[in-house]
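Step one of this worksheet: look at the structure below.
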Amino acid sequence: MTDSITFTNPILEQRADPWVYRHTDGYYYFSASVPAFDRIEIRRAETLEELRDAEPVTAWTKRDTGPMSANIWAPEIHFIDGKWYIHYAAAHTSETNEGLFDHRMYVLENDSANPLEGEWVEKGQIHTRWESFALDATTFEHKGIRYLVWAQKDPDIVGNSNLYIAEMENPWTLRGEQVMISTPEYDWEIIGFKVNEGAAVMHRNGRLFIGYSASATDYNYCMGLLTADENADLLDPASWVKSPEPVFQTCEANGQYGPGHNSFTVSPDGKTDILIYHARNYKDIEGDPLYDPNRHARAQVIHWREDGTPDFGVPVPDGSAVAEAK
């Protein structure tokens, strides 16, 4: 008998790009974009349901001018080799150039046992092949090698961002060449903008799965999935197979629009996988959807098919308590 999981959506309002990490200390750690895009907050709780009322702590605040002074997006908190790290994206202006912001990826480090305490130290920019629009860095370890997956604009490819992977020398430095593993190609990936972004990695059933998001940030935003065998060369683009259809998308019947920018976590007993994502509960948006603050953080149990692949289902309605035991 496993523990039941109970939470009510949304688990946290006005928190887009939600990242949840369950640590060995029994706490869920939460980070996300705040509506003002001006700081990085983290909070923790023993259950997903309790995150809503957990006291947020400001880990870092944007600079007044220059790099890291605008649009602080999608912070992810990770525990690596005994220290805490936050990977995030920041720009030097809110202006766009040919429809693109000027984000780059940066890293903070904290050596306290509890990341809500201690000092967050800037480790600097993650430098990639190009000085171009780059964001949504996520990191994972597999077979003793640490990797980074992120979204970036290739100056020679039309569109906003593709997904790349590279090995890491340390949590803020790449090693070797970066490899493109996905580019927007299907109709559902290019609505409004040609976008692949917001990657998150899960290792299950002999495979590595990368959930990512595609299209504009309105009701067309949706999740795609890349899959690789756990024994494959992860730096070989041919190792990654893209699902031809979105795996999680708007459900008008349940009042859920534009679900995406997901992360993965587990139940307290570690036996049930949980999808964390943001979505709105209305379709029509006034102005630029990026500045509509009502992308709320939500959670949903992941089911598994007999062939070992994840079934994300459809976004559940708001307000209903979810209690499922595996």
#### Entry: Karplus-derived HN-Hα couplings along the range 28-42 (A = 6.51, B = -1.76, C = 1.60, θ = phi - 60°), whole Hz, x at Gly and Pro
8, 9, 10, 9, 5, 6, 8, x, 7, 6, 10, 7, 10, 10, 10
### Task
Give me the percent of the accessible area of the range 225-326 that comes from carbon and sulfur atoms, probe 1.4 Å, all protein chains in place.
49
#### Entry: Nonlocal Lys pairs with alpha-carbon distance under 27 Å, the chain (8 or more apart, or different chains)
16
### Task
Rounding to the nearest 20 debye, state how big the charge dipole of the range 60-128 is about its Cα centre with +1 on each Lys and Arg Cβ and -1 on each Asp and Glu Cβ.
60
## Note on the structure
So, relative contact order of the range 226-326 in percent, Cα under 8 Å, 6 or more apart, is 24
### Query
Relative contact order, percent, of the chain when contacts are C-alpha pairs under 8 Å separated by at least 6 residues?
17
### Query
Does the range 93-186 classify as rounded, prolate or oblate by the C-alpha gyration tensor (a ≥ b ≥ c root eigenvalues; a/c under 1.5 gives rounded; else a/b over b/c gives prolate, otherwise oblate)?
oblate
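Of the heavy-atom accessible surface of the range 106-189 (probe 1.4 angstrom), what whole percent is carbon and sulfur? Mind showing how you got there, number by number?
Working: 1610 of 3600 Å².
Exposed carbon and sulfur together represent 45 percent of the surface.
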### Query
Treating the beta-carbon of each Lys and Arg as +1 and of each Asp and Glu as -1, no other charges, what is the dipole magnitude of the range 223-310 about its Cα centre, to the nearest 20 debye?
340
### Query
What figure in square angstrom, to the nearest 10, would you give for the accessible area of Asp38 with a 1.4 Å probe?
40
### Dipole of the chain [Lys/Arg +1, Asp/Glu -1 at C-beta], most positive-end residue of Ile80, His92, Phe193
Ile80
### Task
Give the accessible surface of the chain per residue, rounded to a whole number of Å², with probe radius 1.4 Å and ligands, DNA and RNA excluded.
42
### Exposure of Tyr186 as accessible area (Å², to 10), given a probe of 1.4 Å and all protein chains
80
### Query
Any idea what the dipole of the chain comes to, in debye rounded to 20, about its Cα centre with Lys/Arg Cβ at +1 and Asp/Glu Cβ at -1?
240
### Summary
Heads up, the chain by the C-alpha gyration tensor (a ≥ b ≥ c square roots of eigenvalues; a/c under 1.5 rounded, else a/b over b/c prolate, else oblate) looks rounded
### Query
Taking Cα pairs under 8 Å and at least six residues apart, what relative contact order does the range 20-152 come out at, in percent?
16
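Sort the range 145-278 into rounded, prolate or oblate with this rule: let a ≥ b ≥ c be the square roots of the eigenvalues of the Cα gyration tensor; rounded if a/c is under 1.5, and if a/c is not under 1.5, prolate when a/b is larger than b/c, oblate otherwise.
Details: a/c = 1.84, a/b = 1.14, b/c = 1.61.
Note, shape of the range 145-278 comes out oblate.
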### Environment charge of Thr96, counting only residues whose C-beta is closer than 11 Å and scoring Lys/Arg +1, Asp/Glu -1
-4
### ³J(HN,Hα), Karplus 6.51/-1.76/1.60, whole Hz, each residue of the range 238-254, x for Gly, Pro
5, 6, 9, 10, 8, 5, x, 10, x, 9, 7, 8, 3, 10, 5, 4, 9
### Message
Could you report the accessible area of Thr65 in Å², rounded to 10, computed with a 1.4 Å probe on the protein chains as they sit in the structure?
### Response
110
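The values are calculated or read from the model by the stated rules, or taken from the named source; none is laboratory data. Every value quoted in this text rests on a predicted model; they were computed, and no experiment measured them. Cβ sites come from the backbone with ideal geometry, for glycine too, and all protein chains shown count toward neighbours. Each accessible area value is taken on the protein alone, full model and side chains, heavy atoms only, with ligands, DNA and RNA left out. Shrake-Rupley method; radii C 1.70, N 1.55, O 1.52, S 1.80 Å.
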